[in-house]
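The values are calculated or read from the model by the stated rules, or taken from the named source; none is laboratory data. Bear in mind that the values here come from a model prediction, so they are computed numbers and not experimental data. Virtual Cβ from ideal backbone geometry, glycine too; neighbours counted across all protein chains shown. Accessible surface areas use protein heavy atoms only, side chains included; no ligands, DNA or RNA. Shrake-Rupley method; radii C 1.70, N 1.55, O 1.52, S 1.80 Å.
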Amino acid sequence: MTGFLHVTGADFAAVAPEMVLCLAATLILLLDAFARPLRSFLPYVALASLAIANLAGRDVTGTFFSGAVEVTGFTRYMELVALGAVALAILGGAAALERDKRDQGEFYALLLFAAAGLILMVRGGDLLVVFIGLELMSLCLYVLAAWYRDNPAATEAGMKYFLMGALASAFLLYGVATIYGRLGTTSFAKIQGLASTPGLVAFDTMLAAGILAVVAGLAFKIALVPFHGWAPDVYQGMTTPAVAFLSTAPKAGAVLVLARVLHALFPAGLGDPWRPLLAILAVLSILFGNIVALSQRDLKRMLAYSGIAQMGYVTIALATFTTSALEGAGVFLAGYLVTNAAAFLAIAALSSGENEPKVLSDLAGLGRRKPLAATVLTLSMLSLAGLPPTVGFIGKLLVFRAAVDGGLVPLTIIGVFGSLVSVGYYLRVVYHLWMKEPVREVSLVPDDVLSGAAFLLTAALMLLWGVFPRALLDVARQAAAALLGR
């Protein structure tokens, strides 16, 4: 018997990471409901489940559920990104949530469900599975965006993210339906086979409309211009540990899903008008994100616009769409995950609490009061600017080199120009931390062990991957080769 409903033990083993995360999330909800004194242990339960999920997915490869789920080196790479992002959010945010009496089990459960959805989205061998995973992840993030629901900014963030997210989902679903209507399938493997027919994809208006809708839906999740409008307000209102996850892993997942869609539809390589379209998205994101970030005085809004520009650099790799470009994108995204999460967690540690605005001027003189958090924030600013010896330099170098090799020299020049502009606002943070005298007394949150561990881990990775990038390069190269089948 064959078909989707014929499920084997191997199928269940393939989705073991998702099952582990969902079971752990359910356990956390039950513990929080019926064993309230154990609430302080819930972060450790969540961290343990991440470790088990990692082990469960370590040695699985192949296609399962009749091709609906596909596990490759490429998807394994994204699993590690998702699990790492959740781990950093928990390490850096547990103490702050406990201090604010917001450490309900639902917070950790939603993070685990979101990670399960993200992993399912990336592993999907079918566009419908991708959509289901995306929605599971998004629903959790809508709730997390309004976690401090008595804070008007958080409520606004949750509502705005939900409405904009629903619009993006509609775009994506329309695109999937249109592709099915034209090709008769939503399976990546079958789409790739049909797309190999000469002229079918290149000159089909209906199919082009579907592809455009899919690109728009995923561009919203990546926060590329002109689909970026939600990002600044959501980043500003969302609790900092949750935004450390939102700003990294979901974006990386959407980038990798977009790469899979493009490879399935254009197995011979990107041509017109798709390469110019991605190039335009990259240019708009780099220029708009960096220029607007220059005028920001709220740190979370600055990082939101910075994130728009950073995703513009990744889009250069998508426009290039060679093995070396996707390898560079993999390195860039791994570095961005560590760097951006470190920046948000350090900003939280250098503030008066979640309900207080994160203003640039309040950083003045805090380098001496909290040297560890200030050092991590400094390193993250240098890495986001793409300066050596951090991992941000390696990621940008690989992406720009691949673009030059692919003949996209003007795009590379714009990317370098954007990086130079970004140095202005990134180094302004460093200046306030270490060289500017405080103008008012800021009541800082107390130190804690878990966030200290997160700071040491992220600082070590930013430097280790920047100075000795070989291990990260090998993993990214294998992931890119698995995607392109080369």
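Residues considered: VAL225, VAL215. Of these, the only one that is assigned to a helix (DSSP H, G or I) and surrounded by 20 or more Cβ atoms within 10 Å (Cβ to Cβ) is VAL215. Of all residues in the range 231-249, none satisfies the criterion of being farther than 13 Å from TYR161 by Cα and open to solvent by 10 Å² or more (accessible area, probe 1.4 Å). Right, TYR174: over 24 Å from the mean Cα position of the chain (by Cα), modelled with pLDDT of 90 or more, surrounded by fewer than 19 Cβ atoms within 10 Å (Cβ to Cβ) and among the hydroxyl-bearing types (Ser, Thr, Tyr) or not? When the stated conditions are applied, TYR174 does not pass them.
This table checks each residue for (1) open to solvent by 20 Å² or more (accessible area, probe 1.4 Å); (2) under 22 Å from the mean Cα position of the chain (by Cα).
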site	(1), (2)
LEU382	yes, yes
PRO388	yes, no
LEU397	yes, yes
PHE400	yes, yes
LEU411	no, no
VAL421	yes, no
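Among the numbered conditions (1) of a type outside the set (Ser, Thr, Tyr); (2) more than 24 Å from PHE245 (Cβ to Cβ); (3) surrounded by 16 or more Cβ atoms within 10 Å (Cβ to Cβ), the only one that ALA209 does not meet is (3). Within the range 149-171, being in contact (Cβ under 8 Å) with a residue 60 or more places away in the chain, more than 25 Å from GLU356 (Cα to Cα) and crowded, with 19+ Cβ neighbours inside 10 Å holds for one residue alone: GLY165. When GLY57, GLY92 are screened for being open to solvent by less than 30 Å² (accessible area, probe 1.4 Å), closer than 30 Å to SER351 by Cβ and either touching a residue at least 12 places away in the same chain (Cβ under 8 Å) or among the hydrophobic types (A, V, I, L, M, F, W, C) (or both), only GLY92 passes.
Scan the range 281-308 for residues that are surrounded by fewer than 22 Cβ atoms within 10 Å (Cβ to Cβ) and either closer than 26 Å to LEU183 by Cβ or touching a Leu at 6+ places or on another chain (Cβ under 6 Å) (or both) and jot them down. Within the range 281-308, just ARG297 meets the criteria.
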